[in-house]
1. Relative to the compact-globule scaling 2.2 N^0.38 Å, provide the ratio for the alpha-carbon radius of gyration of region 33-163.
2. Return the long-range amide H neighbours of TYR225 (sequence gap of 5 or more, or a different chain), with a cut-off of under 5 Å between placed amide H atoms.
3. Over the chain, with a Gaussian network built from C-alpha contacts below 10 Å, which listed residue (SER37, SER253, SER110) shows the highest mean-square fluctuation?
4. Bin width 20 Å, origin at 0, all Cα-Cα pairs of the chain: what percent of pairs per bin?
5. Quick check: residue separation of ALA25 and ASN226 times 0.36 nm, minus the Cα distance between them. What number comes out in nm?
6. Spelling out what I want: for every residue of region 340-346, take phi, set θ = phi - 60°, compute 6.51 cos²θ - 1.76 cosθ + 1.60 (Karplus), and round to whole Hz; glycine and proline get x.
7. For region 173-202 and region 27-99, write down the distance between their C-alpha centroids in whole Å.
8. Apply 1/(1 + (r/R0)^6) to the Cβ-Cβ distance of ASP114 and ILE265, taking R0 = 60 Å, and write down the FRET efficiency to the nearest 0.05.
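Every read-out reported here was derived from the displayed coordinates using simple, explicitly stated rules and does not represent laboratory data. These figures come from a predicted structure and were not determined experimentally. Backbone-built Cβ (ideal geometry, glycine too); neighbour counts: all protein chains shown.
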Amino acid sequence: MKSIVILLVGISIGWVHSCSPPTGAINVARSGEAKQSSTYAPRYIAQAANDGSRATNLITGPCSSTAKDNPAWWQVDLKKVYKVNTVVIVNRGDCCRERLLKAQIRIGNSPNNDNPMCSMITDITNLIITMCCNGMEGRYVSVVIPGRAEELNICEVEVYGEEVKPAEVNLARLGEATQSSIYRPEYHAAAAIDGNRNANMMLGSCSLTGGDNPAWWRLDLKKTYNVDKVVIVNRGDCCGDRLRGAQVLIGNSADNNNPVCGAIINAQSTITLSCNKMVGRYVSVVIPGRTENLQLCEVEVYGQEVPANVARLGEATQSSLYRPEYNAAAAIDGNKATNVMLGSCSHTGGDNPAWWKLDLKKTYKVQSVVIVNRGDCCSERLKGAEIRVGNSADNNNPVCGTITDVSKNPITLPCNWMVGRYVSVVIPGRVEYLHICEVEVIGLEN
């Protein structure tokens with residue numbers, strides 16, 4: 001019986017030890033962006049809780065504090081997705097530590113405070129509270145006091161974990177391949193993007209042109225990407241030297257005249273060319289300057305999709321219509337002319353609130369929103385407008401940003417990859433006309 005007790009105690013000690021950040025671990029909260037439900041006084045800003053200081057006297061030290069909110073919350077956007085192992089909360093020490101009782105620590109990818117719960121604070125004996133989150137994945141870490149009106153005082157939040165790096169995806173499999181000619185029907189261009197790296201041409205999973213000058217093979221990725229690298233599997237049963245001198249081109253031209261990523265000098269079995277995020281939709285392999293058969297047993301392309309303006313794909317509505325030609329769709333017609341009188345801008349009546357809303361039809365990760373304001377007059381009307389992004393069809397989604405300066409046109413608001421189907425522009429709290437000459441939503445499909 002004694003041995004069993006000792007074993008259980010040993011396991012418990014192991015758990016506690018594993019929850020503590022290892023020596024040299026990086027507190028990733030420091031590189032994040034903090035916000036909170038409200039700010040009790042200007043010195044108690046959200047950023048005071050991820051400034052690296054563990055001082056616990058709220059009166060003299062850098063701590064955050066909300067007003068008495070229901071719910072009161074504090075959140076850090078880590079900017080990247082992490083596997084979170086440990087969250088450390090430093091409570092207020094000069095008084096009132098009980099305010100933190102039953103606060104929930106939530107971790108996930110929603111910018112709201114509805115992510116899965118890592119833990120709840122049930123013991124405030126120690127000022128430094130360490131919670132094991134066991135590799136929960138998320139970009140956002142929130143501290144929320146639910147179910148009562150309370151002031152949330154936090155002197156520091158530390159988050160420890162490892163960045164979740166997306167697995168490499170071979171983009172070539174998503175594209176469509178063509179080539180200068182076909183040596184035999186089974187050696188068609190698509191055989192080089194079938195996922196089969198077998199290098200024996202006779203087994204039918206390689207492409208092969210006739211003797212062309214130039215011989216070429218081209219891949220249309222269907223979207224524009226930042227290309228990190230291109231991997232080519234050469235023919236292995238014979239004739240591998242035919243590939244020597246071939247160039248890999250990347251760009252947005254459907255011809256074979258794009259910039260060169262690299263040239264194949266040594267015709268080895270597998271060739272990897274680093275392309276350093278060259279931008280393009282088309283990847284070509286071209287053998288210039290001689291008549292040659294071009295044989296490729298596989299082409300793989302790795303990179304990231306380039307964010308694009310997805311607003312043109314959506315459907316726009318607005319709170320009212322000042323005149324028929326000033327409809328909501330005029331703000332996503334691709335025309336950035338700023339003179340309302342020319343008819344390519346949207347314009348509501350005098351509404352409270354005045355709003356314009358875009359349904360993107362799919363959920364996107366929004367990098368930024370660009371607003372082209374009216375330029376012929378009245379640009380100040382847009383001051384105070386909120387840009388909201390989320391999945392609610394109403395205008396109550398989280399705020400990406402507020403327009404505070406109308407001296408520049410266009411106005412770009414970074415949204416830091418907020419996720420949502422709907423993008424709204426809302427002027428709250430007053431009767432106003434809302435006129436927008438163009439809205440661009442820069443993002444990627446989620």
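1. Values: Rg = 13.1 Å, N = 131, 2.2 N^0.38 = 14.0 Å.
Relative to the rule-of-thumb radius for its length, region 33-163 sits at 0.94.
2. Amide H neighbours of TYR225: GLY280, ARG281, VAL306.
3. Largest GNM mean-square fluctuation: SER253.
4. 21, 36, 33, 10, 0
5. Working: separation 201, 0.36 × 201 = 72.36 nm, distance 3.14 nm.
Extra length available between ALA25 and ASN226 comes to 69.2 nm.
6. Those phi angles translate into 4, 5, 8, x, 10, 10, 8 Hz.
7. 56
8. Details: r = 55 Å, r/R0 = 0.91.
With R0 = 60 Å, the Cβ-Cβ based efficiency is 0.65.
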